[in-house]
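One structure is given below, encoded as structure tokens.
Just so it is clear, none of the values below were taken in a lab; they were calculated from the coordinates. What you see is a predicted model, and the numbers here were worked out from it, not measured in a lab. Heads up, the Cβs are rebuilt from the backbone with ideal geometry, glycines too, and the neighbour counts pull from every protein chain shown.
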Amino acid sequence: MLDHLSGYQPKRKILLIEDDPSYARLVEILLEESDLLDCFITNKQTLEEGLVELQNTRDYDAVLLDLSLPDSNGFSTLEKLIFNFPNQTIIVLTGRADKELGIKSVKAGAQDFLVKGEFDGEGLAKTLRFSIERKNIKIRLEETQRLAKMGTWECNTGTHAFFASDEVYHIFGIEAIKRSFSCESIHQPGNPLYLLGQTHKEATQQQRIKKEARITLPDGSARNVMLWCEATPIENNAHVFSGIIQDITERIRNEELKKEKDLAEQSAKVREQVIASVSHEMRTPMNAILGMSNLLLNSSLDVEQISFAESIKQSSETLLGIINDILQMSTINNSRIEFEKEAFSLQKLLENFMKAIRYKGTEKNLSIELNLPNDLPPILIGDKLRLKQVLYNLVGNAIKFTDEGSITIDIEKVFQENQQVKLRFIVSDTGIGIPQDRLIDIFESFTRLQTKDRLFEGTGLGLTIAKALTEQQGGKIWATSQLGKGSQFYFELTFTSKDQLDKGTPKKKFAIPELDPQTRFRIMVVEDHKMNQLVVSKTLEKKWKNAEIMIANNGDEAIELLQEELVDIILMDIQMPGKNGFETTAYIRNQMPKMARVPILAMTAHVNITEQNIYSKKGMDDFVLKPFVPEQLFDKIAHYLNKRPK
Ligand code: ADP
């Protein structure tokens, strides 16, 4: 590549197509004598032989072509050669009377011409060497233009000469044999290079043009291009236009794709936020419905009323499950889930799980079987709640989509090494099955397969959540199935294994002592939602006859009441008009010395209150999630009231 700079000259290969043997010999001698070019010469005597030779040996640096050969004469000899080898360096040899032909040949694509009898060894070697180098530079330039998708053109209205680089033609999709244009032809509408002609017109008025345009290629496809053109006036009212054209289709397409992607991301975010806030808004009234049905069930009802109240409770629990799924889904999509690393016994977890799930199977007359390997590590470290959730989901689906037969849960040890154990959980059913081509889709949000004659309950979120929970823990989940025969769902998770629980690990569950029935105490409920005020106060009054419940409709009212009265514990809603729960807590802690240490429990439908202990950072002692489970609420209140200094 850098021959001309380093001074090193490789041996060149020259093909001489010349039928006169003595003339051919003369060329050889002249070149041998010259120091300017070191070369091999091969001589062929007809055009046909020359073409065959070029076909067989592709690395000739140049061809010296006599235009008068036995099988071809005149200008057409050159045309035939260029047609077959358009990139070949050709130097034409003409007779003394045919100088015009030589000039015409150069215009048609030959690098140079030599008049027989008028050149010596040095002239011949120089012509060959410069032609070869010029051609190499041209090839390199074309390569660069091809890479940059950028072509150059020039047009002289004085001489009518029009030149365009290969890349210009390439951008416009014009084949090599159709590349004959003049300064005039490109101004005619319908000409493939009409855009250049138009640009010249604009450049005459504005001197310098930079513009974007869209062109349609002969094959119907379209390209975006950027054009730069400058005009330089010359004598006799003529101009020289020089221009650059660049194919920017890809850039424009990428910009469009980026815009589409940004828009899609933006709308996905908005959608998630809407879903999250709508489901949050739904949890609040659900609190009232569930709480009221609990209260209703505890009042004196006849058998029929009990069954009505039971079904209200059951349906609201189902609805709450769906809302929770949607909420969890939006949490999964919006942020990374934090997983627990807690020691637990898989055996115990599965025993409890089986107890809970078995009755669901019995309702449909399905047996549920569990197979465990003998060498299961007794203690695993991981997120047991999430593990249970995935299992619950898969087994729940298996029961839902199976009418007869059985459900089997198999657990296999994939490997155990350096305290790492990879387990595979397989949930198999003998149910309706899933078509092969849908086995991947079912893990997508809101995908539910159509069944002709039946409608199954569900949101199409269970598997999406199960997939996110396993994959975000570095595991995987997949399914196999046979339509009408049953399905198998597999998931794999890696845990750290342990031989036994740490000695010091305290037993988590301990019975919270009941409150002394003699003591009287005051609970303040700060809550703006009337229905929820009623649910909480009724639930608490039913539980503790000696409790006095004070209701504050919002934070400001709570502060006002607390100026006059002292309370033993506060249940604080977070989202309220005026001062919200956090602000009210901060005020009590900092501005009300008498109440500064009162236990405050956040009451919220926002599941993410648990994340990073937001409630404790905001000065609260604990939280109760709405809709609350009455026993949990009682336990927490009792726990804090028992801690009061006696
Ligand atoms: P949901 O069950 O709430 O509709 P999932 O995400 O859990 O949502 O499941 C998505 C869909 O995959 C289901 O609606 C059902 O069409 C199909 N599917 C899941 N599990 C099974 C199974 N065990 N047998 C047959 N089809 C199943």
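Just want the ordering: VAL27, VAL92, VAL240, from fewest to most Cβ atoms lying within 10 Å of their own Cβ.
Final ranking by Cβ density, sparse to dense: VAL240, VAL27, VAL92.
Using the Cα atoms of region 335-393 to build a convex hull, what is its mean projected area in square nanometres?
Dividing the Cα hull surface by four gives the mean projection, 5.1 nm².
Which is the longest run of the chain containing none of the GluC sites (Glu not before Pro) found in DSSP loop states (not H, G, I, E, B) with at most 15 other C-beta atoms within 10 Å?
1-117
By a straight-distance test (C-alpha under 27 Å), which lysines pair with LYS104 as possible cross-link partners, with residues fewer than eight away in the same chain excluded?
Those lysines meeting the cut-off are LYS13, LYS44, LYS80, LYS116, LYS126, LYS135, LYS138, LYS178.
Go ahead and run the numbers for FRET between ARG214 and ASP59, Cβ-Cβ distance against an R0 of 41 Å, rounding to 0.05.
0.50
Run lengths n ≥ 4 of DSSP H only: what is the helix-derived mean residue ellipticity at 222 nm for the chain, with -39500 (n - 2.57) per run over all residues, to the nearest 500?
Dividing the helical sum by the residues of the chain leaves -14000 deg cm²/dmol.
So what is the orientation-averaged projected area of the chain, using the convex hull of its C-alpha atoms, in nm²?
52.6 nm²
Could you list TRP228, TRP544 so that the one with the fewest beta carbons within 10 Å of its beta carbon is first and the one with the most is last?
With the fewest neighbours first, TRP228, TRP544 line up as TRP228, TRP544.
Could you give the dipole magnitude of region 522-619 about its Cα centre, charging the beta-carbon of Lys and Arg +1 and that of Asp and Glu -1, in debye to the nearest 20?
Roughly 360 debye, rounded to the nearest 20.
Between GLU564 and THR447, what length comes free when the chain is fully extended (0.36 nm per residue of separation minus the Cα-Cα distance, one decimal in nm)?
36.5 nm
Would region 552-646 count as rounded, prolate or oblate if I go by the C-alpha gyration tensor, calling it rounded below 1.5 in a/c and otherwise prolate when a/b exceeds b/c, oblate otherwise?
It is oblate, given that a/c is not under 1.5 and a/b is not larger than b/c.
How big is region 234-377 along each principal axis, measuring the range of its Cα positions in Å and listing the largest first?
On the principal axes, region 234-377 reaches 111, 49, 32 Å in Cα extent.
Looking at the chain only, what percent of DSSP beta bridges run antiparallel? Nearest 5 please.
60 percent
Based on other C-beta atoms within 10 Å, arrange ARG644, ARG386 from fewest to most.
If I rank by nearby Cβ atoms, fewest first, I get ARG644, ARG386.
Looking at this model, which pairs from LYS384/LYS476; LYS348/LYS618; LYS269/LYS384; LYS360/LYS422 are more than 25 angstrom apart at the alpha-carbon?
LYS348/LYS618; LYS269/LYS384; LYS360/LYS422
Given region 27-130 reduced to its alpha-carbon atoms as identical point scatterers, what log10 I(q)/I(0) does the Debye formula return at q = 0.11, 0.12, 0.18, 0.22 Å⁻¹?
Per q value, in the given order, log10 I(q)/I(0) is -0.31, -0.37, -0.87, -1.31.
Give the long-range amide H neighbours of SER406: residues separated by 5 or more places, or on another chain, with amide H under 5 Å away, using H modelled in the peptide plane at 1.01 Å from N.
Result for SER406 returns THR430.
Counting other C-beta atoms within 10 Å, and keeping those with at most 11, which DSSP coil trypsin sites (Lys or Arg not before Pro) do you find in region 1-109?
LYS11, ARG58
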